[in-house]
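*Asks:* Below is a structure I'd like to ask you about.
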Amino acid sequence: MTRATRTPRAPRIPTTQPAYVLHHYDWSESSLILDLFTREQGRLAVVAKGAKRPYSQLRSVLLPFQRLQVSLSKPARGEEGAPEVQTLRGAEWAGGHTLPAGAALFTGYYLNELLLKLLARQDPHPALFDAYARTLPLLQAGEDALAQAALRAFELRLLSETGLLPDLSLATLTQAPLQPGGRYWLSAEAGVEAVEMAQSQAFAAEQLVQLEAALLHGSVEALQQACLGALPALKASLRGLLHYHLGHKPLRTRSVMLDVQKLLD
């Protein structure tokens, strides 16, 4: 039911490259292990030596949701030929927006957790990197619908890039084009399937065709615009798809958001 996955290509290792910090772990009293999302090499594990020292210039740079320009050591090879953890040689702030706040901050960490759990290491996804960069500033959009459309568009791009999304313009089981005026549901197990009743969480055929066209076009803005007209159905179906492919384990960020909402209520 899913798209054919890409065969990972050997990454070209540039001198410097854009990156975001997805997560960090303590490695020693003075150093960190970073999980970086880079445009050229995908998700990488990197050692930032001395980053925890009070006088380190990296302390104010290695922050989540900030676009960086990083330089890395060449990856060494282990005994079995697998690349080892690389060393961060330098990192500079590459400009961008302020850190998200409030609910947008939780949503940003939700995006990071999705990338950590669904992306293999050292598998580049330039289109997904660009979508992430353009989604972050929209999470704080004044209109909630715009922020929701940006989030749904990112989830669609992530599922598409990882081969977990079926062709939205076809009925998955028959591979027949969607019928104009028809109503459809996006199922984790059966893909795009017709529904007889006009359910509030069902898609119109035209909505799915527009979403597929926007995915193929590659424009982040076009995909966000297509999502605006199908937000209720997208929220329900994408939550089911992600839950299914994550192995039915709840995301930590989603659990924290629900706990905070309960406290506020």
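*Asks:* Checking residue 206 against (1) in contact with a Phe, Trp or Tyr (Cβ under 6 Å, 6 or more places away or on another chain); (2) touching a residue at least 24 places away in the same chain (Cβ under 8 Å); (3) among the acidic types (Asp, Glu), which test does it fail?
*Replies:* Every listed condition holds for residue 206 apart from (1).
*Asks:* Same structure again: What residue, among those in the range 195-225 that are of a type in the set (A, V, I, L, M) and assigned to a loop (DSSP other than H, G, I, E, B), is nearest to residue 243 (Cα to Cα)?
*Replies:* The selected residue is 202.
*Asks:* Is at least one residue of the range 135-149 under 28 Å from residue 72 (Cα atoms) and over 13 Å from the mean Cα position of the chain (by Cα)?
*Replies:* yes
*Asks:* Among the residues in the range 1-14, are any modelled with pLDDT of 90 or more and either out of contact with any Ser or Thr (no Cβ under 7 Å at 6 or more places or on another chain) or crowded, with 16+ Cβ neighbours inside 10 Å (or both)?
*Replies:* For the range 1-14, residues modelled with pLDDT of 90 or more and either out of contact with any Ser or Thr (no Cβ under 7 Å at 6 or more places or on another chain) or crowded, with 16+ Cβ neighbours inside 10 Å (or both): absent.
*Asks:* Can you pull out the residues in the range 89-138 that are out of contact with any helix residue (DSSP H, G or I) (no Cβ under 6 Å at 6 or more places or on another chain) and hydroxyl-bearing (Ser, Thr, Tyr)?
*Replies:* Once the filter is applied, which keeps residues that are out of contact with any helix residue (DSSP H, G or I) (no Cβ under 6 Å at 6 or more places or on another chain) and hydroxyl-bearing (Ser, Thr, Tyr), the range 89-138 yields 98, 132.
*Asks:* While we're here: I'd like to check something: does the range 21-33 contain any residue that is touching a Leu at 6+ places or on another chain (Cβ under 6 Å) and either at pLDDT 95 or above or among the small types (Gly, Ala, Ser) (or both)?
*Replies:* Checked the range 21-33: at least one residue is touching a Leu at 6+ places or on another chain (Cβ under 6 Å) and either at pLDDT 95 or above or among the small types (Gly, Ala, Ser) (or both).
*Asks:* Among the residues of the range 130-150, what is the count of those that are aliphatic (A, V, I, L, M) and more than 21 Å from residue 217 (Cβ to Cβ)? Steps first, please.
*Replies:* Narrowing the range 130-150 to residues aliphatic (A, V, I, L, M): 131, 133, 136, 138-139, 141, 145-147, 149-150.
Now restrict to residues that are more than 21 Å from residue 217 (Cβ to Cβ): 136, 139, 141, 145, 147.
Within the range 130-150, residues that are aliphatic (A, V, I, L, M) and more than 21 Å from residue 217 (Cβ to Cβ) number 5.
*Asks:* Have a look at 87, 107, 98 and point out the one that is at pLDDT below 95, of a type in the set (Ser, Thr, Tyr) and closer than 20 Å to residue 235 by Cβ.
*Replies:* 107
*Asks:* Let me ask something else about it. Here are the criteria: (1) touching a His at 6+ places or on another chain (Cβ under 8 Å); (2) modelled with pLDDT of 95 or more. Tell me which single one residue 188 does not satisfy.
*Replies:* If we test residue 188 against (1) touching a His at 6+ places or on another chain (Cβ under 8 Å); (2) modelled with pLDDT of 95 or more, just (2) comes out false.
Every residue, every condition in (1) at pLDDT below 90; (2) within 23 Å of residue 134 (Cβ to Cβ); (3) of a type in the set (Gly, Ala, Ser), yes or no:
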| residue | (1), (2), (3) |
| --- | --- |
| 203 | no, no, no |
| 213 | no, yes, yes |
| 217 | no, yes, no |
| 220 | no, yes, no |
| 225 | no, yes, no |
| 237 | no, yes, yes |
| 258 | yes, no, no |
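*Asks:* Any residue that is over 19 Å from residue 251 (Cα atoms), modelled with pLDDT under 95 and assigned by TED's automatic domain parsing to the domain that holds residue 188 - is there at least one of those in the range 110-121?
*Replies:* Yes, that holds for at least one residue.
*Asks:* Hey, another quick one. Determine whether residue 51 is in a loop (DSSP other than H, G, I, E, B), hydrophobic (A, V, I, L, M, F, W, C) and at pLDDT 90 or above.
*Replies:* yes
The values are calculated or read from the model by the stated rules, or taken from the named source; none is laboratory data. This structure is a prediction, so every number in the text was calculated from the model and none was measured. Positions of Cβ are backbone-derived with ideal geometry, glycine not excepted, and every protein chain shown enters the neighbour counts.
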